[in-house]
1. Among (1) hydrophobic (A, V, I, L, M, F, W, C); (2) surrounded by fewer than 12 Cβ atoms within 10 Å (Cβ to Cβ); (3) out of contact with any helix residue (DSSP H, G or I) (no Cβ under 8 Å at 6 or more places or on another chain); (4) modelled with pLDDT of 70 or more, which single condition is Ala70 missing?
2. What number of residues within the stretch 31-47 satisfy the criterion of being charged (D, E, K, R) and touching a Ser or Thr at 6+ places or on another chain (Cβ under 6 Å)?
3. Might you let me know whether the stretch 32-45 holds any residue that is in contact with a Phe, Trp or Tyr (Cβ under 6 Å, 6 or more places away or on another chain), closer than 30 Å to Leu8 by Cβ and of a type in the set (A, V, I, L, M)?
4. Does the stretch 25-41 contain at least one residue that is surrounded by fewer than 12 Cβ atoms within 10 Å (Cβ to Cβ) and modelled with pLDDT of 80 or more?
5. Taking the condition of being within 14 Å of the chain's Cα centre (by Cα) and exposed (fewer than 15 other Cβ atoms within 10 Å of the Cβ), how many residues in the stretch 42-67 meet it?
Amino acid sequence: MKLALSILTVLLLVVMAFSDDGANAEPWPGLLSGGPNANRQDPVLKTLPDLPPAKIYSHDPGSYSSNEIAINWQAMLAFLLAAQVQQ
C-alpha cells in the first residue's frame, strides 16, 4: 500500500508540473526523458550521422522524440524509486 501511495504522489506532482497555467515552462530538474531513439522520428534526429541506436540522441528542444518528458517515463522512475525507499 505504501508503494502505491508513493507512486501516486510522484505521478500527481508530475501532472501538476505540466499543467497548462504556464507557471512551469521549464521541466523540473530530475525528470526523466525518453532518451535515445533509433527510429529517428523527428527532423533533428534525421540529421544525425549513421550511429548505433543507443547514440541517436540530441539535446535539442526540437528533438521531441528523444527529449520528450512524458508521464509514462516518470511512472517507471517513480516505481523504481518507491521500491528503493521501501527497502
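The values are calculated or read from the model by the stated rules, or taken from the named source; none is laboratory data. Note that this is a predicted model, so its numbers are computed, not measured. Here the Cβ is made from the backbone with ideal geometry for all residues, glycine too, and neighbour counts use every protein chain on show.
1. Tallying (1) hydrophobic (A, V, I, L, M, F, W, C); (2) surrounded by fewer than 12 Cβ atoms within 10 Å (Cβ to Cβ); (3) out of contact with any helix residue (DSSP H, G or I) (no Cβ under 8 Å at 6 or more places or on another chain); (4) modelled with pLDDT of 70 or more, Ala70 fails exactly one: (2).
2. If we filter the stretch 31-47 for residues that are charged (D, E, K, R), which is where we start, we get 40, 42, 46.
Subsequent filtering for residues that are touching a Ser or Thr at 6+ places or on another chain (Cβ under 6 Å) retains 42.
Going through the stretch 31-47 one residue at a time, the tally reaches 1.
3. Checked the stretch 32-45: at least one residue is in contact with a Phe, Trp or Tyr (Cβ under 6 Å, 6 or more places away or on another chain), closer than 30 Å to Leu8 by Cβ and of a type in the set (A, V, I, L, M).
4. Scanning the stretch 25-41 turns up at least one residue that is surrounded by fewer than 12 Cβ atoms within 10 Å (Cβ to Cβ) and modelled with pLDDT of 80 or more.
5. Count: 2.
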